[in-house]
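The values are calculated or read from the model by the stated rules, or taken from the named source; none is laboratory data. Keep in mind that what you see is a predicted model, and the values were worked out from it rather than measured. Glycine gets a Cβ as well: all are built from the backbone with ideal geometry, and neighbour counts include every protein chain shown.
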Amino acid sequence: MSTATITAADINKLRQTTGAGMMDCRKALTETNGDFEAAIDWLRKQGQKVAAKRSDREAKEGVVIALTAPGNQTGWVVCISCETDFVSKNADFVAFARQIAEAAAANKVKSIDELNEVVISGAKVADMINDKLASIGEKIGVSRFERVDAPYVASYIHGANRMGVLVGLSAAAEEAGKDVAMQIAAMNPLAVDADSVSPETVERERAIVLETMKSDPKMAGKPEEMIAKIAEGKLNAFFKEQTLLAQPFVKDSAISVADYLKKAGSDLKVTTFRRVALG
């Protein structure tokens with residue numbers, strides 16, 4: 001994309017995603033030839049703290065339902081999106097979304113495509129959505145779908161159906177499952193632990209840290225070995241902030257989530273989690 005094709009909409013999208021200023025967003029897109037992901041990295045390399053990019057920022061309005069099957073070994077999060085909060089707060093629309101989520105659970109579905117084919121009272125979910133679209137005059141659909149299977153799955157809905165969380169645990173632990181789900185809702189971790197972060201993300205963060213340090217006047221003349229050591233320290237700080245087990249526990253910041261789980265059960269582990277939130 002050339003500079004000439006960078007539109008106000010492109011700049012506004014980057015601004016909404018990152019929280020950076022309009023002129024900085026324009027500069028970032030210009031410097032990266034309109035590459036959205038590269039523009040985010042460019043802003044960060046300039047030392048700007050930008051809002052974390054998460055897939056859960058996609059849907060603007062809608063209803064998020066999280067629930068588990070009897071026995072708590074499988075859980076689902078379903079987001080039925082719409083265009084306005086007027087619709088999303090409507091009791092009938094919330095009930096409609098819950099009906100679809102409950103159908104996902106009842107039919108043990110594994111994907112959005114499979115869910116759209118589920119029949120409820122003689123009608124496919126896809127047809128029900130089309131009928132609802134026609135009646136309310138807004139574009140709606142199943143915009144997000146997540147499923148978690150584990151020995152024990154906890155579900156949590158936060159903020160009047162604006163966020164849903166699933167946590168997979170290695171053993172049944174109702175209270176711990178709820179506490180960890182609330183932690184995920186509040187702190188939005190990137191992964192369970194450092195080992196769960198993709199190598200691509202680790203290298204991306206390392207490159208940003210090194211680039212930022214090299215442009216810092218305080219680092220001028222410092223040996224490469226020292227810069228590398230400081231960079232690894234900053235990367236460890238990233239893991240502490242962005243990975244679930246290393247985060248301070250929201251109910252007791254003196255301990256980590258990992259410490260809390262040890263108290264809840266010596267062998268209790270988080271196997272996976274999913275977090276879906278309206279942007």
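Couple of notes before you dig in:
- Scan of region 189-211 for residues that are under 21 Å from the mean Cα position of the chain (by Cα) and of a type outside the set (A, V, I, L, M), ordered by number: Pro189, Asp193, Asp195, Ser196, Ser198, Pro199, Glu200, Thr201, Glu203, Arg204, Glu205
- Looking at Thr201, Thr212, just one residue is part of a helix (DSSP H, G or I), in contact with a Gly (Cβ under 9 Å, 6 or more places away or on another chain) and either within 22 Å of Ile40 (Cα to Cα) or outside the structural domain of Phe145 (by TED's automatic domain parsing) (or both), and that residue is Thr212.
- Residue count for region 118-146, restricted to those that are over 18 Å from Gly62 (Cβ atoms) and surrounded by 12 or more Cβ atoms within 10 Å (Cβ to Cβ): 6
Rundown of residues vs (1) modelled with pLDDT of 85 or more; (2) touching a helix residue (DSSP H, G or I) at 6+ places or on another chain (Cβ under 7 Å); (3) surrounded by 15 or more Cβ atoms within 10 Å (Cβ to Cβ), yes/no style:
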residue	(1), (2), (3)
Thr18	no, yes, yes
Thr30	yes, yes, yes
Asn33	yes, no, no
Asp41	yes, yes, yes
Arg54	no, no, no
Ala59	no, no, yes
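- Output for region 261-276, where each listed residue is part of a helix (DSSP H, G or I) and either without any contact (Cβ under 8 Å) to a residue 40 or more places away in the chain or touching a Lys or Arg at 6+ places or on another chain (Cβ under 8 Å) (or both): Leu261, Lys262, Lys263
- Checking Ser215 against (1) touching a residue at least 60 places away in the same chain (Cβ under 8 Å); (2) surrounded by 14 or more Cβ atoms within 10 Å (Cβ to Cβ), the condition it does not meet: (2)
Quick grid of which residues meet (1) part of a helix (DSSP H, G or I); (2) touching a residue at least 24 places away in the same chain (Cβ under 8 Å):
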position	(1), (2)
Ala105	yes, yes
Val109	no, yes
Asp113	yes, no
Asn116	yes, yes
Asp131	yes, no
Ser135	yes, no
Glu138	no, yes
Ser143	no, yes
Val148	no, yes
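- None of Gly164, Gly168, Gly177 is assigned to a helix (DSSP H, G or I), in contact with a strand residue (DSSP E or B) (Cβ under 6 Å, 6 or more places away or on another chain) and surrounded by 16 or more Cβ atoms within 10 Å (Cβ to Cβ) except Gly177.
- Scanning region 118-129 for residues being within 15 Å of Cys79 (Cα to Cα) and outside any helix (DSSP H, G or I) gives a total of 0.
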